[in-house]
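One structure below.
The values are calculated or read from the model by the stated rules, or taken from the named source; none is laboratory data. Bear in mind the structure is a predicted one, so any value in this text is a computation, not a measurement. Glycine gets a Cβ as well: all are built from the backbone with ideal geometry, and neighbour counts include every protein chain shown.
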Amino acid sequence: MAESGTLHDAFLDELRDAYDAEKQLLKALPKMAKAASAEELRAAFEAHLEETKVQVDRLEQVFASLEEKARGKHCDGIAGIIEEGKSVMEESFDDATMDACLIASGQRAEHYEMAAYGTLIAWARTMGHTQAARLLQQTLDEEKAADEKLSGLADDGINQEAAVANHPSENGGETPRAVSKKAPSKRATKPARR
Ligand SMILES: [Fe+2]
């Protein structure tokens, strides 16, 4: 009969999944930052890239606290979310719509990570891995803050700007709260990559 795995084994598996997910995001975030038109959105992706580097280090500390070697296991979930984000970036949306879509992609990734870290923290606490739980909580707090930052940018003007760009008459020409732009816009002159 096959040996049955324990919750500790499942925990290590999930940690490896999270470690790989963060590493995939290290590659995806610079592309998202580059595709963003609103200065604040680009800055938010770049800031989260820096946080993600710290999160990778923190996961290495978690592995060390468990006397385990840090290694990743391909995370299909985040790979799918990143792949969807890539397809969006290949669309020929106007700048504001692209920004709104980049926020949507970013938030999908954040929520996936929040779910993963929430589980990891609960399991770590249950098994008495207090140091691991504390470290993982720091990352969960950063993911939540990054998600709220993206919601704020969407609500603060990016969604409205996208709506005005697409439905000028329905919005009665209402001007969205300004979001500063990189000047000049690259996308305005760039042909769609299709
Ligand atoms: Fe993360």
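Among (1) within 30 Å of ALA10 (Cβ to Cβ); (2) assigned to a helix (DSSP H, G or I), where does SER87 come up short?
SER87 satisfies all of (1) within 30 Å of ALA10 (Cβ to Cβ); (2) assigned to a helix (DSSP H, G or I) except (1).
Among the candidates ALA146, ALA154, which residue alone is buried (at least 16 other Cβ atoms within 10 Å of the Cβ), aliphatic (A, V, I, L, M), more than 20 Å from ASP9 (Cα to Cα) and more than 16 Å from the ligand (Cβ to nearest atom)?
Result: ALA154 is the single residue among ALA146, ALA154 that is buried (at least 16 other Cβ atoms within 10 Å of the Cβ), aliphatic (A, V, I, L, M), more than 20 Å from ASP9 (Cα to Cα) and more than 16 Å from the ligand (Cβ to nearest atom).
If I ask for residues that are modelled with pLDDT of 95 or more, touching an Asp or Glu at 6+ places or on another chain (Cβ under 9 Å) and part of a loop (DSSP other than H, G, I, E, B), which ones from the range 1-34 would you list?
none
Just to be sure before I move on: is ILE121 of a type in the set (Val, Ile, Thr), farther than 24 Å from GLU84 by Cβ and buried (at least 19 other Cβ atoms within 10 Å of the Cβ) in the structure I sent?
So ILE121 passes the test.
For the subset of the range 13-69 comprising residues that are more than 16 Å from the ligand (Cβ to nearest atom) and of a type in the set (Asp, Glu), which member is nearest to ALA79 (Cα to Cα)?
Out of the qualifying residues, it is ASP13.
Looking at ILE103 and the list (1) touching a helix residue (DSSP H, G or I) at 6+ places or on another chain (Cβ under 6 Å); (2) modelled with pLDDT under 95, which single condition is not satisfied?
(2)
When only residues in the range 90-140 that are assigned to a helix (DSSP H, G or I) and aromatic (Phe, Trp, Tyr) count, which is farthest from the ligand (Cβ to nearest atom)?
Applying the filter and picking the extreme gives TRP123.
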